[in-house]
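First the structure, in the form of structure tokens, and then the observations on it.
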Amino acid sequence: MLDASGAHWRWDGGSSDVEWKNYIRSAEGKNQILFYTSPACFNLLPKPVLAAEQLTEIQSLVQQNLQPRK
């Protein structure tokens with residue numbers, strides 16, 4: 001789940017909450033969106049599991065909250 005505070009990752013056996021300020025950049029490809037917490041570490045969000053409306057909402061959240069850093 002992504003919201004105004006950040007990304008909330010859940011999986012069988014664990015979870016992680018990452019505020020937007022901890023992401024340094026994102027990269028969107030044809031089938032995935034990558035959320036980088038360092039130059040070599042990222043979280044992967046597969047786009048095929050998203051409805052078009054969800055993808056639009058996520059793209060908007062990223063644009064509003066993730067400020068690229070060099």
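Each value in this text was obtained by applying a stated rule to the coordinates, not by laboratory testing. Since we're looking at a predicted model, the values are computed, not measured. Note that each Cβ is placed from the backbone with ideal geometry, even for glycine, and that neighbours are counted across all protein chains shown.
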Condition first: free of Cβ contacts under 8 Å to residues at least 40 places away in the same chain, in contact with a Gly (Cβ under 6 Å, 6 or more places away or on another chain) and surrounded by 11 or more Cβ atoms within 10 Å (Cβ to Cβ). Now tell me which residues in segment 14-24 satisfy that. Val18
Could you tell me how many of the residues in segment 16-70 are in contact with a helix residue (DSSP H, G or I) (Cβ under 6 Å, 6 or more places away or on another chain) and of a type in the set (Lys, Arg)? 0
Among the residues of segment 45-59, which ones are surrounded by 14 or more Cβ atoms within 10 Å (Cβ to Cβ) and not charged (D, E, K, R)? Leu45, Leu50, Leu55, Ile58
Which one is farthest from the chain's Cα centre (by Cα) among residues in segment 9-24 that are farther than 16 Å from Pro46 by Cβ and part of a strand (DSSP E or B)? Gly14
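A quick yes/no check of all residues on (1) surrounded by 11 or more Cβ atoms within 10 Å (Cβ to Cβ); (2) assigned to a strand (DSSP E or B); (3) among the hydroxyl-bearing types (Ser, Thr, Tyr); (4) touching a residue at least 60 places away in the same chain (Cβ under 8 Å):
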residue	(1), (2), (3), (4)
Ala7	yes, yes, no, no
Ser26	yes, yes, yes, no
Lys30	no, no, no, no
Leu34	yes, yes, no, no
Ser38	no, no, yes, no
Asn43	yes, yes, no, no
Leu61	yes, no, no, no
